[in-house]
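Shown next, in structure tokens, is the structure this report addresses.
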Amino acid sequence: MLRSLVRWAPSVALLLMLAPAARAGVRTVTVLEFAGPNGAAVSNAIDEGLGELYETIDGGVYRIAADRMGKAGASAVEVAAVCGRQRIDAVVAGAVRGGARGALRLVVRDGHDGSVPARLEYPLPHGRLGEKLKARILSDLVRVFEQVRGVTGAQRPRGTAGPSQAEAEEEDEDSPERPQGARPTGEDEQEEEEAPKARVVRRATPRRGVGVEAGVGFGLLTRTLDLHNNAAVGYQGSAVATVRFDGAIFPFGWTEGARSEHPALSTFGIGLAWVEALPFQSLSADNSRSAAGHARRWEASLLSRIPTGGERAPVIELATGGGQIVYGSDDPVAVGVPDVIYGTLHFSASVAVPLGTPKVELGIAASILGVVSAGQNAGQLAAPSEYGGGSGWGGDGSLMLTVRPWRGLWLRAGARATGLSLSFGGSGGKVSTGALDSLFDGALEIGYAG
């Protein structure tokens with residue numbers, strides 16, 4: 001842990017120092033995927049660093065817009081046309097040269113007029129970008145951006161001026177800022193106005209895009225069962241320790257290219273949440289008898305995680321699927337309360353709201369639950385010897401606070417309250433019109449998303 005802190009300290013300090021200067025310059029930045037060996041990884045690292053200081057727009061958005069507008073060339077007129085339509089202040093393009101004497105060449109384009117305020121070059125042996133070099137590059141880019149006029153209202157500092165039209169048109173066709181395979185088109189300004197506007201897709205939270213997410217933690221679980229019959233014995237459980245696991249896979253979110261080509265499909269994924277109670281003792285209502293208890297809850301879902309804007313905008317998640325809630329003991333007769341195995345279907349919606357920074361999020365979630373079974377074997381709640389078959393429904397609500405201290409790492413504290421309302425058909429050996437089963441669980445987790 002100490003080595004990690006030492007490693008990341010320069011980057012954190014640099015971001016704190018550069019933030020005021022960054023806010024004084026451009027607001028929106030696009031980093032196009034770099035050409036050459038390991039170019040995608042290097043461009044992603046630069047994009048991630050700039051995302052701490054500016055609002056970043058996916059490089060795939062620029063390419064899609066350029067293709068649709070017929071402005072896929074690297075001339076100043078074409079770059080300015082795309083940036084003006086997509087509200088991009090500055091574009092960073094680059095190329096990586098591999099080998100022991102490798103290098104990274106960057107070109108910055110001003111979204112206002114397509115001019116080139118700076119060309120930068122750095123040694124990059126074997127295409128590896130260390131934290132110190134990354135910090136240096138970010139510092140240089142911030143200084144360059146101070147000279148950029150942009151399109152969102154930032155003004156060029158006094159004493160600087162953009163190049164003439166003749167100078168702008170002299171951009172080399174093979175320069176790294178040209179999207180791969182593009183050629184000058186020569187369309188006039190009228191065609192620019194008639195070109196369809198590409199839909200801007202902001203990078204979802206988390207910032208680097210999500211292909212897989214996994215977390216593990218420890219928590220507590222408690223349960224209360226109230227039967228709608230004064231003579232019936234309910235259950236009041238004490239808090240028990242739990243282990244929690246959460247995971248999700250987004251098949252079209254693995255890479256930057258996949259997210260750019262399939263922005264809608266990249267929001268869909270498969271999720272699994274599992275809570276398992278550690279060994280505990282379940283007590284009878286008068287605390288005179290006990291038995292080894294067990295409890296478990298899991299849910300599998302098809303989900304869609306929908307960003308509503310840039311990194312500082314809320315993210316909405318919709319999920320539907322099924323699961324199971326299990327709570328019982330090795331001797332339900334001794335405890336005096338039947339076991340339950342609820343089979344459930346659910347639909348849930350949640351929203352994660354950044355609290356002034358994408359590194360801290362407050363999440364709120366709500367679910368509707370349908371109970372499709374309650375356990376009909378001997379000793380279980382819906383067995384003929386107990387309360388018989390019936391139906392049920394319910395819901396739960398969750399509150400989560402997530403902190404993202406480093407790259408894909410996250411820490412989360414969450415709590416969830418669940419209520420299930422059950423109705424019995426009167427076919428069982430015991431009499432009760434229904435029951436209310438309530439569960440409350442909370443956990444502290446650590447995880448990774450990337």
Number of positions in segment 266-281 that are in a strand (DSSP E or B) and either polar (S, T, N, Q) or more than 21 Å from the chain's Cα centre (by Cα) (or both): 5
Selected residue (criterion: surrounded by the most Cβ atoms within 10 Å (Cβ to Cβ)) from residues of segment 88-117 that are among the β-branched types (Val, Ile, Thr) and under 17 Å from Gly51 (Cβ atoms): Ile88
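One line per residue, one yes/no per condition, for (1) part of a loop (DSSP other than H, G, I, E, B); (2) aromatic (Phe, Trp, Tyr); (3) modelled with pLDDT of 80 or more:
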position: Gln180; (1), (2), (3): yes, no, no
position: Pro196; (1), (2), (3): yes, no, no
position: Val200; (1), (2), (3): yes, no, no
position: Leu221; (1), (2), (3): no, no, yes
position: Thr224; (1), (2), (3): no, no, yes
position: Asn230; (1), (2), (3): yes, no, no
position: Asp246; (1), (2), (3): no, no, yes
position: Phe252; (1), (2), (3): no, yes, yes
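The rows are residues; the columns are (1) crowded, with 19+ Cβ neighbours inside 10 Å; (2) closer than 28 Å to Tyr235 by Cβ; (3) in the same structural domain as Pro358 (by TED's automatic domain parsing).
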| residue | (1), (2), (3) |
| --- | --- |
| Trp254 | no, no, yes |
| Trp274 | no, yes, yes |
| His294 | no, yes, yes |
| Ser304 | no, no, yes |
| Val315 | yes, no, yes |
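The values are calculated or read from the model by the stated rules, or taken from the named source; none is laboratory data. Computed from a prediction, not measured in an experiment: that's the story for all the values here. Methodologically, a virtual Cβ is constructed for each residue, glycine included, from the backbone with ideal geometry; neighbour enumeration extends over all protein chains shown.
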